[in-house]
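Take a look at the structure set out below.
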Amino acid sequence: MGQETSPPPVTVIGLGPMGRALAAAFLAAGHPTTVWNRTAGKAGELIAGGATWADGPLAALGASDVAIVCVIDADAVDVILDRALTESGRHGLPATTLVNLTSEGPRRTRELATRAERLGVAYLDGSIMTPAAAIGTEATRILYSGPADLFGRHRETLAALGGTAVHLGADPGRAASFDVALLNLFWSSITGLMHSFALAARQHVPATALAPHAQQMAQLVADLLPGLASEIDAGGFSGEASSSLTSIAASLDHIVHALEEAEVPSAVTRAAKEVVDAAVSAGHGADSPTRLAEFLGRDRAGGRPPAQDTGRTAVGQAPSAGDRVP
Ligand SMILES: NC(=O)c1ccc[n+]([C@@H]2O[C@H](COP(=O)([O-])OP(=O)(O)OC[C@H]3O[C@@H](n4cnc5c(N)ncnc54)[C@H](OP(=O)(O)O)[C@@H]3O)[C@@H](O)[C@H]2O)c1
């Protein structure tokens, strides 16, 4: 008979809506949970629920083998690491695993991973694809990247967050690459939807009247998506079976006119039309919309690889000198 092991201790640093949800899920799954946040007042409910307050970032990192950090951006993570280093008298940080669930771009994420590793902290990155309310439920979806053995070692602990955890590869910036692409899709869809509601409202069409039709349109996009992706990866851009870019340019043109007639700002739609027009001018008028993915993604930096590996230095950070520990 296998022996039951009790859930290992976990630390959560950052208690915004998401950090609080993460800490609550660990508590609910029975993990001894240590928390720290820049503003102490946000920990009240968690402490009442059994969490332990750490006196500072250093104590928080030292309290568990795995420390989740979930704050506003990578610069805030740097500030927290700086503070922990200062608290240590610049003697170094505990050899914990830092699981960074803060949203950030891929380049900045790789910089953080490099910094953490230089400080002797193992680093796993994660991008949370669902809202705080979903944490701890089946709906949670978190994309991870970083060393596979690290993910394997902490997988069971991270399962307390619920739902699906996907490891995308060893490059710590890979989850962030997915995150920014998916959030670009999400927020351009949401802003596009609001734009459409505004246009409809100016023509006395309430949002709820448009909604079922908008839902079918969104479903059409979802249904088309896998086929479009396959076409892009196969490098096939024929417009024979779909709308051509010339036809799409005409369609966008009449939408821009309708927006202008309704006195709704048209800049976003005009920007989309400019992209289509540029692709048509480059000789792709007969191609399908998948051509836009190739056209927009072209190397415009004169043969240099996409900017991903050289990074800006974090605000207030002097990487080589600041992180030197005895
Ligand atoms: N909320 C969601 O539904 C959701 C969904 C997916 C992903 N995310 C991601 O999760 C992360 C956290 O989001 P959130 O909703 O919890 O709130 P947030 O407003 O993005 O972040 C708030 C947290 O960041 C801390 N913070 C900000 N500046 C700091 C600094 N300079 N030094 C130390 N700590 C600092 C705040 O501390 P104080 O309390 O002291 O201000 C607080 O703990 C973000 O990257 C967000 O994009 C959130």
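The values are calculated or read from the model by the stated rules, or taken from the named source; none is laboratory data. Note that the structure is a prediction, hence the values are computed from the model and not measured. Ideal geometry is used to build each Cβ from the backbone, glycine not excepted, and the neighbour counts take in all protein chains shown.
Just to be sure, is Glu138 at negative phi, part of a loop (DSSP other than H, G, I, E, B), more than 9 Å from the ligand (Cβ to nearest atom) and not aliphatic (A, V, I, L, M)?
It is true that Glu138 is at negative phi, part of a loop (DSSP other than H, G, I, E, B), more than 9 Å from the ligand (Cβ to nearest atom) and not aliphatic (A, V, I, L, M).
Exactly one of (1) in contact with an Asp or Glu (Cβ under 8 Å, 6 or more places away or on another chain); (2) not assigned by TED's automatic domain parsing to the domain that holds Pro94 is unmet by Thr5. Its number?
Condition (1) is where Thr5 drops out.
So Ser64 ticks every box in (1) buried (at least 22 other Cβ atoms within 10 Å of the Cβ); (2) without any contact (Cβ under 8 Å) to a residue 24 or more places away in the chain but one. Which box is left unticked?
(2)
Scan the stretch 14-37 for residues that are within 11 Å of the ligand (Cβ to nearest atom), touching a strand residue (DSSP E or B) at 6+ places or on another chain (Cβ under 9 Å) and either farther than 12 Å from Ala67 by Cβ or outside the structural domain of Val79 (by TED's automatic domain parsing) (or both) and report the count.
The qualifying residues number 4.
What pairs can you find where one residue is in the stretch 184-198 and in contact (Cβ under 8 Å) with a residue 24 or more places away in the chain, the other is surrounded by 11 or more Cβ atoms within 10 Å (Cβ to Cβ), and their Cβ atoms are less than 6 Å apart, with a gap of 6+ or different chains?
Sorted first by the residue in the stretch 184-198, then by its partner, the pairs are Ala198/Val264.
Would you mind telling me which numbered condition in (1) under 20 Å from Pro8 (Cβ atoms); (2) in contact (Cβ under 8 Å) with a residue 12 or more places away in the chain Glu156 fails?
The one condition Glu156 does not meet is (2).
Restricting to the stretch 157-174, what's the tally of residues that are crowded, with 17+ Cβ neighbours inside 10 Å and in a helix (DSSP H, G or I)?
5
Looking only at the stretch 83-122, filter to residues that are of a type in the set (Gly, Ala, Ser), within 16 Å of the ligand (Cβ to nearest atom) and part of a loop (DSSP other than H, G, I, E, B); which one of those is nearest to Val10 (Cα to Cα)?
Ser103
Given the residues Trp36, Trp53, which is the only one that is free of Cβ contacts under 8 Å to residues at least 24 places away in the same chain and surrounded by 15 or more Cβ atoms within 10 Å (Cβ to Cβ)?
Trp53
Would you pick out the residues in the stretch 191-224 that are within 27 Å of the chain's Cα centre (by Cα) and of a type in the set (Ser, Thr, Tyr)?
Within the stretch 191-224, Thr191, Ser196 qualify.
Can you pull out the residues in the stretch 196-239 that are aromatic (Phe, Trp, Tyr) and outside any helix (DSSP H, G or I)?
Result: Phe237, single match.
Taking the condition surrounded by fewer than 16 Cβ atoms within 10 Å (Cβ to Cβ) and assigned to a helix (DSSP H, G or I), does Gly41 pass?
So Gly41 passes the test.
Across the stretch 240-282, which residue is nearest to the chain's Cα centre (by Cα) among those that are of a type in the set (S, T, N, Q) and part of a helix (DSSP H, G or I)?
The residue in question is Thr269.
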